[in-house]
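Participant: My structure is below; once you've seen it, I'll send some questions.
The values are calculated or read from the model by the stated rules, or taken from the named source; none is laboratory data. Everything numeric here is computed off the predicted structure, so don't read it as measured data. Cβ coordinates were reconstructed from backbone atoms using ideal geometry, including for glycine residues, and neighbour counts include every protein chain displayed. What goes into the accessible areas is simple: the full protein's heavy atoms, side chains included, and nothing from ligands, DNA or RNA. Shrake-Rupley method; radii C 1.70, N 1.55, O 1.52, S 1.80 Å.
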Amino acid sequence: MSVVEPVSEDWGARLRRLGEPHSIGIAGIVLAVFAFWLALPPWTVRSPAVPLAFAVLAAIGGIWALSRGQRRVGWWAVGLAVVCAAGAVWAQGRSADSLDAVFGVSLLAATLRAATPLTFAAIGGIFSERSGVVNIGLEGMMLTGAFFGIAVVGWTGQWELGVFGAMAAGGLLALIHAFFSIHLRADQIVSGTAINFLALGVTGYLFRSIYGTRGTPELKERIPDVSVPGLRDVPFLGDVIGEMSLMIWMALLLVLVSWFVLFKTPLGLRLRSVGEHPKAADTVGISVFGIRYGAVVFSGMLAALGGAYLSFGFGGAFNENMTIGKGFIGLAAMIAGNWRPLPAFTVCLLFGFSDGLGRRLQGSDLLPDVISSPNLLSTLPYVITLIALVGIIGRSRPPASVGRPYVKQ
């Protein structure tokens, strides 16, 4: 009985949390989005009664949350219920071919492709900042990994060596940041900014010196796609994940593994304790400097993997400053996800979805020409992400000692 009772109490607590007003409000938001999705591929429901029914349920969930004091999620559930119901009616008035061209399977595949480099950067940032070191140099580490990874592939013809080369370059740059931040106790924001400028200058100089105006040569070897035979034959879903780049599968696996390591292992407990209360961790024999050095270097290696995916995973060439802020977006996803892998990955998916949606709406017949301007739609991922972060997620709490150099007593 002593073994069974804690388990039943744990499940009971989880069930009670599902019935809380905040959870009901979140469920309302999910139902509202699902109401709009029903009018899109692969469902393409033509009867307005079905999505409207889900929108009504979403509004009820929002009103319930509002009546119990959960104003943020309550208003969002009610507002999204109205907007998504109108969107579903609008979509049902459009042709199925036009909807499939924008909202079809290609959009979901583009979402995963766009979210992959952001996920590597975000998870890398989580490890670094959970240990107490701010790492805004993720952008530079990603750019360094992109250049040195594709350079190694060009020299050796082996994509595996290119991946290791990218990780080594990103890890070395992160080691420099760790030395200045941990041992020299420099300002971590300034050090990370310097890392970004260093990476931009070094990769730009080497790119022009080695390749000149010709650019990187055409690669014979790239990171391969992985095909899942059973999954590939599943309708619609098989077209999305039946055959994907190995790096996308690695990013998905990284999210699960990082969550398990951080919250279910002694190593994760040590890392989080160093970021929350380094003096207490040092008192019980945990090496604060060792944990922080390892976390920062590991974050640089992960960010470099995101750069490797950009240069010779999804693409096949390197261009100066080709990351164009993706490291900073990964950093924002980390903060919005409250320094947790699964929520951070969700934010990366949101950005990837809105980026793919903006690209597919350009030139489509679903919107008027004034609205479908490329310049206007290019801002869509940033606008949607900001609205979601500010409106739904709100404030997040960083690790207590992040950004504070530790002085050993």
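Participant: Look through segment 313-344, keep the residues that are open to solvent by 30 Å² or more (accessible area, probe 1.4 Å), in contact (Cβ under 8 Å) with a residue 60 or more places away in the chain and under 15 Å from the mean Cα position of the chain (by Cα), and return whichever of them is farthest from Val163 (Cα to Cα). Explain how you work it out, then say what you get.
Facilitator: From segment 313-344, those open to solvent by 30 Å² or more (accessible area, probe 1.4 Å) are 314, 317, 319-322, 324, 326, 328-329, 332, 335, 338, 340, 342-343; that's our starting set.
Applying the additional criterion that residues be in contact (Cβ under 8 Å) with a residue 60 or more places away in the chain yields 314, 317, 319-322, 326, 328-329, 335, 340, 342.
When the remaining residues are screened for being under 15 Å from the mean Cα position of the chain (by Cα), the result is 326, 328-329, 335, 340, 342.
On the way: Lys326: 19, Phe328: 22, Ile329: 22, Ile335: 27, Arg340: 26, Leu342: 24 Å.
Ranking the qualifying residues of segment 313-344, first place goes to Ile335.
Participant: Looking at (1) more than 22 Å from Asp239 (Cα to Cα); (2) touching a residue at least 24 places away in the same chain (Cβ under 8 Å); (3) part of a helix (DSSP H, G or I), can you tell me which one Ala86 breaks?
Facilitator: Result: Ala86 passes all but (2).
Participant: Looking for whichever is in contact with a Ser or Thr (Cβ under 6 Å, 6 or more places away or on another chain) and at negative phi here; the options are Ser258, Ser273, Ser191. Which one fits?
Facilitator: On the way: Ser258 fails: in contact with a Ser or Thr (Cβ under 6 Å, 6 or more places away or on another chain); Ser273 fails: in contact with a Ser or Thr (Cβ under 6 Å, 6 or more places away or on another chain).
That would be Ser191, the only listed residue that is in contact with a Ser or Thr (Cβ under 6 Å, 6 or more places away or on another chain) and at negative phi.
Participant: Out of all the residues in segment 194-233, which are of a type in the set (A, V, I, L, M) and within 26 Å of Trp249 (Cα to Cα)? Don't jump to the end; show me each part of the working.
Facilitator: First pass over segment 194-233, keeping only residues of a type in the set (A, V, I, L, M): 194-195, 198-200, 202, 206, 210, 219, 223, 226, 228, 231.
If the condition is that a residue be of a type in the set (A, V, I, L, M) and within 26 Å of Trp249 (Cα to Cα), then Leu219, Ile223, Val226, Val228, Leu231 are the ones that fit.
Participant: Counting just the residues of segment 185-203 that are touching a residue at least 24 places away in the same chain (Cβ under 8 Å) and open to solvent by 70 Å² or more (accessible area, probe 1.4 Å), which one comes out farthest from the chain's Cα centre (by Cα)?
Facilitator: Residue satisfying both the conditions and the ranking: Arg185.
Participant: Same structure, new question: Please find, among Ala27, Ala49, the residue that is surrounded by 15 or more Cβ atoms within 10 Å (Cβ to Cβ), modelled with pLDDT of 90 or more and of a type outside the set (Phe, Trp, Tyr). Spell out the reasoning first.
Facilitator: Working: Ala49 fails: surrounded by 15 or more Cβ atoms within 10 Å (Cβ to Cβ).
Exactly one of Ala27, Ala49 is surrounded by 15 or more Cβ atoms within 10 Å (Cβ to Cβ), modelled with pLDDT of 90 or more and of a type outside the set (Phe, Trp, Tyr), namely Ala27.
Participant: Out of the residues in segment 345-371 meeting the condition of being over 21 Å from the mean Cα position of the chain (by Cα) and among the charged types (D, E, K, R), tell me which one is most open to solvent (accessible area, probe 1.4 Å).
Facilitator: So the first thing to find is which residues in segment 345-371 are over 21 Å from the mean Cα position of the chain (by Cα), and the list is 361-371.
Cutting the leftovers down to among the charged types (D, E, K, R) gives us 365, 369.
On the way: Asp365: 112, Asp369: 133 Å².
Filtering first and then ranking leaves Asp369.
Participant: Which of (1) open to solvent by 70 Å² or more (accessible area, probe 1.4 Å); (2) at positive phi does Thr44 not meet, given it meets every other one?
Facilitator: (1)
Participant: Determine the pairs where a residue that is in contact (Cβ under 8 Å) with a residue 60 or more places away in the chain and closer than 16 Å to Phe127 by Cβ, located within segment 275-292, has a partner that is open to solvent by 60 Å² or more (accessible area, probe 1.4 Å) and assigned to a helix (DSSP H, G or I) with Cβ atoms under 9 Å apart, the partner being 6 or more residues away or on another chain.
Facilitator: Once the first residue is in contact (Cβ under 8 Å) with a residue 60 or more places away in the chain and closer than 16 Å to Phe127 by Cβ and sits in segment 275-292, its partners that are open to solvent by 60 Å² or more (accessible area, probe 1.4 Å) and assigned to a helix (DSSP H, G or I) give Val288/Lys279; Phe289/His183; Ile291/Leu267; Ile291/Arg270.
Participant: Consider Ser273 carefully, then state whether it is of a type in the set (S, T, N, Q), farther than 26 Å from Pro117 by Cβ and crowded, with 17+ Cβ neighbours inside 10 Å.
Facilitator: Values: of a type in the set (S, T, N, Q): yes; farther than 26 Å from Pro117 by Cβ: yes; crowded, with 17+ Cβ neighbours inside 10 Å: yes.
Yes.
Participant: Yes or no: Leu310 open to solvent by 10 Å² or more (accessible area, probe 1.4 Å) and in contact with a helix residue (DSSP H, G or I) (Cβ under 9 Å, 6 or more places away or on another chain)? Let's see the steps before the verdict.
Facilitator: On the way: open to solvent by 10 Å² or more (accessible area, probe 1.4 Å): yes; in contact with a helix residue (DSSP H, G or I) (Cβ under 9 Å, 6 or more places away or on another chain): yes.
Yes.
Participant: Right, something else. Run down Leu80, Leu99, Leu118 and say which single residue is within 28 Å of the chain's Cα centre (by Cα), within 30 Å of Gly307 (Cβ to Cβ) and open to solvent by less than 60 Å² (accessible area, probe 1.4 Å).
Facilitator: Just a single option satisfies the conditions, and that option is Leu118.
Participant: Next question. Against the condition aliphatic (A, V, I, L, M) and under 28 Å from His177 (Cα atoms), how does Leu357 come out, does it pass? Talk me through it step by step, then tell me what you get.
Facilitator: On the way: aliphatic (A, V, I, L, M): yes; under 28 Å from His177 (Cα atoms): no.
When the stated conditions are applied, Leu357 does not pass them.
Participant: From the list Arg113, Arg94, Arg72, which one is assigned to a loop (DSSP other than H, G, I, E, B) and either touching a Pro at 6+ places or on another chain (Cβ under 9 Å) or open to solvent by 20 Å² or more (accessible area, probe 1.4 Å) (or both)? Don't jump to the end; show me each part of the working.
Facilitator: Working: Arg113 fails: assigned to a loop (DSSP other than H, G, I, E, B); Arg72 fails: assigned to a loop (DSSP other than H, G, I, E, B).
Going through Arg113, Arg94, Arg72 in turn, just one is assigned to a loop (DSSP other than H, G, I, E, B) and either touching a Pro at 6+ places or on another chain (Cβ under 9 Å) or open to solvent by 20 Å² or more (accessible area, probe 1.4 Å) (or both): Arg94.
Participant: Hey, another quick one. In segment 204-246, which residues are open to solvent by 40 Å² or more (accessible area, probe 1.4 Å), part of a loop (DSSP other than H, G, I, E, B) and free of Cβ contacts under 8 Å to residues at least 40 places away in the same chain?
Facilitator: Passing the criteria: Val228, Asp233, Val234.
Participant: Okay, next question. Within segment 157-184, work out how many residues are touching a residue at least 60 places away in the same chain (Cβ under 8 Å) and more than 30 Å from Asp225 (Cβ to Cβ).
Facilitator: So the count comes out to 6.
Participant: Can you go through Trp64, Trp37, Trp76 and tell me which one is in contact (Cβ under 8 Å) with a residue 60 or more places away in the chain and aromatic (Phe, Trp, Tyr)? Steps first, answer last, please.
Facilitator: Working: Trp64 fails: in contact (Cβ under 8 Å) with a residue 60 or more places away in the chain; Trp37 fails: in contact (Cβ under 8 Å) with a residue 60 or more places away in the chain.
Only one candidate passes the filter, namely Trp76.
Participant: Let me ask something additional. May I ask you to verify whether Gly307 is small (Gly, Ala, Ser), under 15 Å from Ala199 (Cα atoms) and modelled with pLDDT of 95 or more?
Facilitator: Numbers: small (Gly, Ala, Ser): yes; under 15 Å from Ala199 (Cα atoms): yes; modelled with pLDDT of 95 or more: yes.
Considered against the rule, which asks whether it is small (Gly, Ala, Ser), under 15 Å from Ala199 (Cα atoms) and modelled with pLDDT of 95 or more, Gly307 comes out as yes.
Participant: Test Ile387 against the stated conditions and say whether it is assigned to a helix (DSSP H, G or I), more than 25 Å from Ser273 (Cβ to Cβ) and without any contact (Cβ under 8 Å) to a residue 60 or more places away in the chain. Working first, answer last.
Facilitator: Working: assigned to a helix (DSSP H, G or I): yes; more than 25 Å from Ser273 (Cβ to Cβ): yes; without any contact (Cβ under 8 Å) to a residue 60 or more places away in the chain: yes.
Yes; evaluated as a whole, the condition is true for this residue.
Participant: Ala333 is checked against (1) on the phi > 0 side of the Ramachandran plot; (2) touching a Cys at 6+ places or on another chain (Cβ under 8 Å) and fails just one. What number does that condition carry?
Facilitator: Every listed condition holds for Ala333 apart from (1).
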